[in-house]
Amino acid sequence: MPISTESSTVASPDDGERRRPGRRLPVRVRHSMVVVHVVASVSWLALMLCLLTLGTTALATHDAGTVRTAYRAMGMLGDALIIPLSLLTLVSGVVLALGTPWGLFRFYWVGTKFWLTLVATVASIFALTARLHDAVHAVAVHPTGPVSAMHLGFIRYNMVIVPAVALLLYLANVVLSVFKPWGRRPAGRSEPGQRRRRNQR
């Protein structure tokens, strides 16, 4: 869950309930997961900033060489980093949520972060990667000539819009992590796993 600064997340929520030892990760494991999550989240955010910078540069310039270089760089960054960073951020965030008293759906802000991260992961892996491949293909079939000869069409705008939308999703997660709005979900809407455990008692 991008840039959640999980050091605050792993602290026990002040909900007046007794901690449940079975739900807590061992301290060393938890700290290791926090490091993995923060590094992956920051790297994911930095990747989107890089893609947005390159896409904006390609949109603003009339130099064909700059456009080709920018789109090739975007393609290389996307192919190498989008899938591992997005999946690592999502998985580590889920592990931290489930392995701490916060839970995954016990608090509105944590659940919202999960869905935003899931949407961002799917969009990055499929939509963003596809747009990057379109741009790389467009410049590859026109290795010479001016920008107008590449027939880029809306590709130039997609290379700005898609990273910008992804960046906004990640920044929304930053706000949620810092302010933790909306409080806790009602007890009747607890996590499915918790409901099953209560029913078995």
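The values are calculated or read from the model by the stated rules, or taken from the named source; none is laboratory data. Just so we're clear, the structure is a prediction, and the values are computed from it rather than from any experiment. With ideal geometry, Cβ positions are generated from the backbone for all residues, glycine too; neighbour counts draw on all protein chains shown. Each accessible area value is taken on the protein alone, full model and side chains, heavy atoms only, with ligands, DNA and RNA left out. Shrake-Rupley method; radii C 1.70, N 1.55, O 1.52, S 1.80 Å.
Values as computed for the structure displayed
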item: Selection from the range 81-102 of residues that are out of contact with any helix residue (DSSP H, G or I) (no Cβ under 8 Å at 6 or more places or on another chain) and either over 16 Å from VAL42 (Cα atoms) or open to solvent by less than 20 Å² (accessible area, probe 1.4 Å) (or both); result: none
item: Hey, ARG106 out of contact with any Ser or Thr (no Cβ under 8 Å at 6 or more places or on another chain) and charged (D, E, K, R) or not; result: no
item: Failed item in (1) of a type in the set (Phe, Trp, Tyr); (2) in a loop (DSSP other than H, G, I, E, B); (3) modelled with pLDDT of 95 or more, with TYR71 passing the rest; result: (2)
item: Qualifying position, being surrounded by 15 or more Cβ atoms within 10 Å (Cβ to Cβ), under 30 Å from GLY183 (Cα atoms) and of a type in the set (A, V, I, L, M, F, W, C), among VAL42, VAL67; result: VAL42
item: Search result, residues across the range 29-39 that are surrounded by fewer than 22 Cβ atoms within 10 Å (Cβ to Cβ) and either under 22 Å from VAL175 (Cα atoms) or of a type outside the set (S, T, N, Q) (or both); result: VAL29, ARG30, HIS31, MET33, VAL34, VAL35, VAL36, VAL38, VAL39
item: All helices (runs of 4 or more DSSP H) inside the range 111-201 with 1 or more residues being open to solvent by less than 40 Å² (accessible area, probe 1.4 Å), more than 29 Å from VAL91 (Cα to Cα) and at pLDDT 90 or above; result: 129-140, 155-179
item: Test: residue in the range 75-94 that is in contact with a Lys or Arg (Cβ under 9 Å, 6 or more places away or on another chain) and either modelled with pLDDT under 95 or not in a helix (DSSP H, G or I) (or both); result: yes
item: Members of the range 71-112 found to be over 27 Å from ARG24 (Cβ atoms) and in contact (Cβ under 8 Å) with a residue 60 or more places away in the chain, listed by number; result: TYR71, ARG72, MET74, GLY75
item: Residues of the range 136-156 satisfying the condition of being among the basic types (Lys, Arg) and in contact with an Asp or Glu (Cβ under 9 Å, 6 or more places away or on another chain); result: none
